[in-house]
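The numbers here are math on the coordinates, done by the rules we state, and not lab data. None of the values given here were measured: they were computed from a predicted structure. Don't worry about glycine lacking a Cβ; one is built from the backbone with ideal geometry, like all the others, and counts go over all protein chains shown.
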């Protein structure tokens, strides 16, 4: 998983932003991850803000997600010392687990301008402080494991402007290295120690290329240089693929440019890579309407452009492509200036022959100048989108982030629960089945929502996760009947999709208890019969 930051260049980006006034012309965030999906609606699962946020923190300027964990940067927290927050998914809610602050952070370091998370490790870039920090999780606690600095760097490299982490590797971009030619630095973890393994430079790099927007996936790295001048024009932009040999040597494998690129496209402003696929943003394309490009590595051929992505409703100045994230055949792209800078994000899917737009995501409470989409990150069936200038209870421009879910799962029930002539206060048992009847590739998380109000109910299990498409599970039921006699009880057992409570199924329930019967002894029974016979024969006179 990975992320970056934002990397914007145009002073129009946010003229009042403390990032612009302090650093100058850059301002961009990144991320990468993964997601299996298919055609159906996406739902906004949660909105998060920091527990201690204040105005102008710009929480959400960078985001990254991996499994049940996400990290969100707030680079202007506490006088722009900066910080990052870890969130953990619990059911359908994302809860804050930890706040990460570098041990030697100082005011103006901008820690959290870039963030990335992979497994139990997270990395935070602090470009003004010329450092990046690695944190490790143990249980629910996160502690700083290492401070990374550049060997062979300069004094104002903006080392930490972009970061990514994947397994035992981390990569840190320094876009201002050598008169903004830019550089990237690869670190490898051995046990608990992180050591610099390589310094990456573009083979044809020159001043003001802004090389240094990074992502990494195992032994392959990609670095964007959005201001690179090339055959496509001035500031057309480029991206570079690097590969690691078993010896630990990293070499430039390929330089990528857009097939239809032009001046001021800023191709490379954000990058994401996983396995044989890469996506590269070009937010300046077509009057800053923006675009993104899909590349694929083909054995014997190399990296080839496969598709160009644009928003179905895009207009000039949307800045589509400012943030990108890819996983297998899914891509997320941010367009933070869409709709009066309210912002949006788009999901694309490779259907086997073409990359098609599957969804457009907007915040449920979005407003002008929220710049929702400034950062995006996608993993499994979750996507997180940052809105760093959202106004909320934490204050003006405090920032927020939104989680969306697209599982394609649907819950179905089969069976019923019916018991007759049940003795009051006695136990009965039964079962029914639930299944994932949604879409291929989906995973269902489910839980018991409600049972009838009568009796005492036990279901085993009463919740579950990751029920694959087409699979079913048997739910065993034990009920203690009510004490009432000669009564019929009915109701329903309701099971819900934990990720989308509007998706549920119900099982019909029916239970009845009989009228109590009086037990006679043989003698009592004979006396009763004798008396009835006498009464019927007239020996007993009622007059």
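Considering all C-alpha pairs of segment 334-431, those separated by over 18 Å amount to 61%.
Counting only DSSP H runs of at least 4 residues, each contributing -39500 (n - 2.57), and dividing by the residue count of the chain, the helix-based mean residue ellipticity at 222 nm comes to -1500 deg cm²/dmol. With Rh defined as the Kirkwood radius, the inverse of the mean 1/r over Cα pairs, the Rg/Rh of segment 233-281 is 1.06.
Take the Cα of residue 510, step 7 Å toward its Cβ, do the same at residue 433, and the gap between the two points is 2.2 nm. By the compact-protein rule of thumb, 2.2 N^0.38 Å, the alpha-carbon radius of gyration of segment 411-513 corresponds to a ratio of 1.14.
Looking at segment 411-513 only, what percent of DSSP beta bridges run antiparallel? Nearest 5 please. Taking every DSSP beta bridge with both residues in segment 411-513, the antiparallel ones total about 90 percent.
Legend: Rg and Dmax of the chain, from Cα coordinates, 30.9, 127 Å.
Against the main long axis of the alpha-carbon atoms of the chain, helix 522-537 sits at an angle near 60°. A protection proxy built from the mean count of other Cβ atoms within 10 Å ranks the segments 445-458, 178-191, most packed first, as 178-191, 445-458. Protection proxy ranking of 224-234, 59-69, by the mean of other Cβ atoms within 10 Å over each peptide's residues and highest first, is 59-69, 224-234. In whole angstrom, note down how far apart the Cα centers of segment 395-416 and segment 418-477 are. For segment 395-416 versus segment 418-477, the Cα centre distance is 22 Å.
The alpha carbon centroids of segment 314-353 and segment 237-305 are separated by 16 Å.
Descending by average beta-carbon neighbour count within 10 Å, the peptides 460-472, 343-355, 159-171, 248-260 line up as 159-171, 343-355, 248-260, 460-472, the highest first.
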